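Submitted below is the structure of interest, expressed as structure tokens.
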Ligand code: CP3
């Protein structure tokens, strides 16, 4: 499967890569493409490496992190790698008792509900995560000209896992805390913003060429609540890393109503899920932001002709933005056929070539 050399010797630096230039809205020879959750369960070579290794342990073992991060670049020839980790890794690193349960997701031993629980969220410093610095450094070196995207969870999405104690469709305890004790909610999110921002900084300082802030579940909120309870904290994270000079991508699911606010919170690139067309996303954000997205991950299971037409349509709509990074509208589904993803990469490169 190793058909793409991730580190050609005579190539430019990843900070001048096609992905970074598209994020800045500069002219690029073709549309860059990567896939959320490209490093993971859809790849047999990933499953082989993970055999008998719990998820959190894998995330804290630099050699495994590097190999898993590079696997999809070798296989698919994507234009970026996403750092193999999880949004709860920085929480685990500061001492929160949690686990990532296969088939379920993050589970927190004692949910966060009271002011006393804030004591369980100390600051994150580079000294908290030396393994992450090491993993990023050696991954960047292995990737050569291919840029590495660092990431973190945004305060709302992290708070939801902490307050609910695990995944939730309703976010009922989170919303109850938000409305019942706004002061505690704000203090909780301020701590999470510090942790999230510091985790992004560690990755960028170790060599990541772009960062993505995942506010996956914030689409559960109406706009007024987003602006009042969430936006200031996400803004603190994004503005807090502005000095690093790496493009900042801001993404959530079912966030069609929030796109203008999420873009204005300090993003360079707005991530678009598959429910909103890129044309509408560009219009809603005033044509001022690069966009990332947004092929429905389920369409990878459709007949090739239908999928091909959809990929061409997404590339075409992306031309209306100052810059476009092709991606799925959410993560790769676990039983995706990876050979189809490789074909999508080739097609995006071919039809977008200038
Ligand atoms: O390829 C990549 O995108 C890099 C790695 C990555 C993982 N998680 C690995 C992972 C990234 C970027 C994440 C981010 C993440 N984690 C998000 C934001 C992205 C999104 O999907 O909206 C969220 C909400 C989480 C929390 C989380 N962790 C979930 C929902 C799950 C899946 C639960 C399941 O098993 O269905 C996890 C576990 C997880 N994170 C896995 C991987 C590869 C599966 C772990 C395993 O092998 O058991």
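What residue, of 326, 301, is in contact (Cβ under 8 Å) with a residue 60 or more places away in the chain and at negative phi?
Details: 301 fails: in contact (Cβ under 8 Å) with a residue 60 or more places away in the chain.
Only one candidate qualifies: 326.
Filtering the stretch 143-159 down to residues that are touching a residue at least 60 places away in the same chain (Cβ under 8 Å) and over 15 Å from the mean Cα position of the chain (by Cα), which residue is farthest from residue 70 (Cα to Cα)?
Within the stretch 143-159, the first condition is being touching a residue at least 60 places away in the same chain (Cβ under 8 Å), and the residues that meet it are 143-158.
Restricting the remaining residues to those that are over 15 Å from the mean Cα position of the chain (by Cα) gives 143-146.
Working: 143: 7, 144: 11, 145: 12, 146: 10 Å.
Here the residue is 145.
Kindly indicate which of 184, 221, 188 is more than 20 Å from residue 90 (Cα to Cα) and either away from the ligand (no atom under 16 Å from the Cβ) or surrounded by fewer than 22 Cβ atoms within 10 Å (Cβ to Cβ) (or both). Before the answer, list the steps.
Numbers: 221 fails: either away from the ligand (no atom under 16 Å from the Cβ) or surrounded by fewer than 22 Cβ atoms within 10 Å (Cβ to Cβ) (or both); 188 fails: more than 20 Å from residue 90 (Cα to Cα).
When all the criteria are applied, what remains is 184.
Sort through 230, 253, 237, 218 and tell me the only one that's touching a residue at least 40 places away in the same chain (Cβ under 8 Å), more than 17 Å from the chain's Cα centre (by Cα) and under 22 Å from residue 174 (Cα atoms). Spell out how you get there, then give the answer.
Details: 253 fails: more than 17 Å from the chain's Cα centre (by Cα); 237 fails: more than 17 Å from the chain's Cα centre (by Cα); 218 fails: more than 17 Å from the chain's Cα centre (by Cα).
It is 230.
Among the residues of the stretch 241-248, is there at least one that is surrounded by fewer than 16 Cβ atoms within 10 Å (Cβ to Cβ), at pLDDT 95 or above and within 21 Å of residue 179 (Cβ to Cβ)?
Checked the stretch 241-248: no residue is surrounded by fewer than 16 Cβ atoms within 10 Å (Cβ to Cβ), at pLDDT 95 or above and within 21 Å of residue 179 (Cβ to Cβ).
Does residue 198 count as touching a residue at least 60 places away in the same chain (Cβ under 8 Å), away from the ligand (no atom under 16 Å from the Cβ) and either surrounded by 21 or more Cβ atoms within 10 Å (Cβ to Cβ) or within 22 Å of residue 90 (Cα to Cα) (or both)? Before you say what the answer is, go through the steps one by one.
Numbers: touching a residue at least 60 places away in the same chain (Cβ under 8 Å): yes; away from the ligand (no atom under 16 Å from the Cβ): yes; either surrounded by 21 or more Cβ atoms within 10 Å (Cβ to Cβ) or within 22 Å of residue 90 (Cα to Cα) (or both): yes.
Criteria met by residue 198.
A further question follows. If you check residue 204 against the conditions, is it within 14 Å of the ligand (Cβ to nearest atom), under 30 Å from residue 291 (Cβ atoms) and either modelled with pLDDT of 95 or more or within 16 Å of the chain's Cα centre (by Cα) (or both)? Spell out the reasoning first.
Working: within 14 Å of the ligand (Cβ to nearest atom): no; under 30 Å from residue 291 (Cβ atoms): yes; either modelled with pLDDT of 95 or more or within 16 Å of the chain's Cα centre (by Cα) (or both): yes.
Criteria not met by residue 204.
Which of the residues belonging to the stretch 249-278 are under 20 Å from residue 210 (Cα atoms), surrounded by fewer than 18 Cβ atoms within 10 Å (Cβ to Cβ) and within 16 Å of the ligand (Cβ to nearest atom)?
Those that are under 20 Å from residue 210 (Cα atoms), surrounded by fewer than 18 Cβ atoms within 10 Å (Cβ to Cβ) and within 16 Å of the ligand (Cβ to nearest atom): none in the stretch 249-278.
Additional query: On the given criteria, is residue 345 within 21 Å of residue 28 (Cα to Cα) and within 16 Å of the ligand (Cβ to nearest atom)?
Details: within 21 Å of residue 28 (Cα to Cα): yes; within 16 Å of the ligand (Cβ to nearest atom): yes.
Spelling it out, residue 345 is indeed within 21 Å of residue 28 (Cα to Cα) and within 16 Å of the ligand (Cβ to nearest atom).
Out of the helices (runs of 4 or more DSSP H) lying entirely within the stretch 1-80, which hold 2 or more residues that are more than 16 Å from the ligand (Cβ to nearest atom), crowded, with 19+ Cβ neighbours inside 10 Å and modelled with pLDDT of 95 or more?
Details: elements: 18-23, 44-50, 55-59, 62-76.
Correct list: 18-23.
If you go through the stretch 87-100 one residue at a time, how many are out of contact with any strand residue (DSSP E or B) (no Cβ under 6 Å at 6 or more places or on another chain) and either closer than 20 Å to residue 38 by Cβ or near the ligand (Cβ under 8 Å from one of its atoms) (or both)?
Total satisfying the criteria: 1.
Then there's this: Give the residues of the stretch 165-191 that are in contact with a strand residue (DSSP E or B) (Cβ under 8 Å, 6 or more places away or on another chain) and assigned to a helix (DSSP H, G or I), sorted by residue number. Reasoning before the result, please.
Residues of the stretch 165-191 that are in contact with a strand residue (DSSP E or B) (Cβ under 8 Å, 6 or more places away or on another chain), as a first pass: 165-167.
Passing the criteria: none in range.
Please verify whether residue 103 is part of a loop (DSSP other than H, G, I, E, B), surrounded by fewer than 24 Cβ atoms within 10 Å (Cβ to Cβ), on the phi > 0 side of the Ramachandran plot and within 11 Å of the ligand (Cβ to nearest atom), treating the condition exactly as stated.
Values: part of a loop (DSSP other than H, G, I, E, B): yes; surrounded by fewer than 24 Cβ atoms within 10 Å (Cβ to Cβ): yes; on the phi > 0 side of the Ramachandran plot: yes; within 11 Å of the ligand (Cβ to nearest atom): yes.
Considered against the rule, which asks whether it is part of a loop (DSSP other than H, G, I, E, B), surrounded by fewer than 24 Cβ atoms within 10 Å (Cβ to Cβ), on the phi > 0 side of the Ramachandran plot and within 11 Å of the ligand (Cβ to nearest atom), residue 103 comes out as yes.
Let me ask something else. Only one of these is more than 30 Å from residue 21 (Cα to Cα), away from the ligand (no atom under 16 Å from the Cβ), at pLDDT 95 or above and more than 20 Å from the chain's Cα centre (by Cα): 118, 124. Name it. Working first, answer last.
Details: 124 fails: more than 20 Å from the chain's Cα centre (by Cα).
None of the other options fit; the residue is 118.
The values are calculated or read from the model by the stated rules, or taken from the named source; none is laboratory data. Because the structure is predicted, anything quoted here is derived from the model rather than measured. Methodologically, a virtual Cβ is constructed for each residue, glycine included, from the backbone with ideal geometry; neighbour enumeration extends over all protein chains shown.
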